[in-house]
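What follows is a set of notes on a single structure, which appears directly below.
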Amino acid sequence: MRIIAGDWRGRALSAVGKGDPGAHLRPTTDRVRESLFNMLGGGRFGAPFDGARVLDLFAGTGALGLEALSRGADHATFVDDGRVAQRLLRDNIRLLGCADRAVVLGTSALRLPAAPAPATLVFLDPPYDKGFGARALAAAQAGGWLAPEALIVWEERLPQDAPEGFALLDSRRYGDSTVTLLRAP
């Protein structure tokens, strides 16, 4: 895995190795990430990275949030309760030298603490087919993590319906993954 574009373009991230199948550690492939970020950066959704505060839920390796930092986001909060994921997150933050712009929360995305500041860009990549995405989004909203009109990028096996109050912007399939884009109320 590598950073696709921006300040850290081409920089390799820590090897996942065997990952953590029990924790559903399933990194988004470079190809899917590249397609996703090209779509996000194409102007249709404004300039989602410039000065953004990013919330990366079920962060795994942190590749999504780190890609956003590489492309101009100001800060990223990575949330994952898996020990392997937390180690990979810390290794990748250290590799890229961005500890001053990144925080790792070793907690469940379903039970978030109160937000120090709301996020304008949210990556939501829960274990597939478990119903965790909607619950994590509700927890983020309840904890003050979502800025008004925040852009939410939700990766699952199937397209997701927009929860009440959220606007469905787009849904695209990439292999066995579907990315659903939402706008927060």
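The values are calculated or read from the model by the stated rules, or taken from the named source; none is laboratory data. For clarity, every value in this text was computed on a predicted model and none was experimentally measured. Backbone-built Cβ (ideal geometry, glycine too); neighbour counts: all protein chains shown.
Of the set (1) in contact with a Leu (Cβ under 8 Å, 6 or more places away or on another chain); (2) of a type outside the set (F, W, Y); (3) assigned to a strand (DSSP E or B), all apply to D161 but (3). Among L110, L124, which is in contact with a Phe, Trp or Tyr (Cβ under 8 Å, 6 or more places away or on another chain), touching a residue at least 12 places away in the same chain (Cβ under 8 Å) and surrounded by 22 or more Cβ atoms within 10 Å (Cβ to Cβ)? Answer to the check: L124.
Residue-wise test of (1) at pLDDT below 95; (2) over 27 Å from D170 (Cα atoms); (3) assigned to a loop (DSSP other than H, G, I, E, B).
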{"site": "D50", "(1), (2), (3)": "yes, no, yes"}
{"site": "N92", "(1), (2), (3)": "no, yes, no"}
{"site": "V122", "(1), (2), (3)": "no, no, no"}
{"site": "R135", "(1), (2), (3)": "no, no, no"}
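Cβ-Cβ distances below 7 Å connect the following pairs, each with a first residue in the range 38-56 that is closer than 17 Å to D125 by Cβ and of a type in the set (D, E, K, R), a second residue that is assigned to a loop (DSSP other than H, G, I, E, B) and at pLDDT 90 or above, and a separation of six or more residues or different chains: D56/G62.
Any residue at all in the range 145-153 that's modelled with pLDDT of 95 or more, farther than 21 Å from H75 by Cα and either surrounded by 17 or more Cβ atoms within 10 Å (Cβ to Cβ) or out of contact with any Gly (no Cβ under 7 Å at 6 or more places or on another chain) (or both)? Can you show your working first?
Of the residues in the range 145-153, the ones modelled with pLDDT of 95 or more are 145-153.
With farther than 21 Å from H75 by Cα added as a condition, the list becomes none.
The answer is no; no qualifying residue exists.
Would you say L96 is buried (at least 19 other Cβ atoms within 10 Å of the Cβ) and farther than 20 Å from L124 by Cβ? Against the criterion (buried (at least 19 other Cβ atoms within 10 Å of the Cβ) and farther than 20 Å from L124 by Cβ), L96 qualifies. For the range 52-86, filtered to residues that are among the polar types (S, T, N, Q) and part of a helix (DSSP H, G or I), the residue that is surrounded by the fewest Cβ atoms within 10 Å (Cβ to Cβ) is Q86.
Can you tell me how many residues in the range 135-144 are aliphatic (A, V, I, L, M) and surrounded by fewer than 17 Cβ atoms within 10 Å (Cβ to Cβ)?
Our first condition is that a residue be aliphatic (A, V, I, L, M); within the range 135-144, this holds for 136-140, 142.
Imposing the further condition that a residue be surrounded by fewer than 17 Cβ atoms within 10 Å (Cβ to Cβ) reduces the set to 138, 142.
Final tally of qualifying residues: 2.
Could you check, for the range 27-43, whether at least one of its residues is touching a Gly at 6+ places or on another chain (Cβ under 9 Å), modelled with pLDDT under 90 and under 26 Å from P118 (Cα atoms)? The answer is yes, given that some residue of the range 27-43 is touching a Gly at 6+ places or on another chain (Cβ under 9 Å), modelled with pLDDT under 90 and under 26 Å from P118 (Cα atoms).
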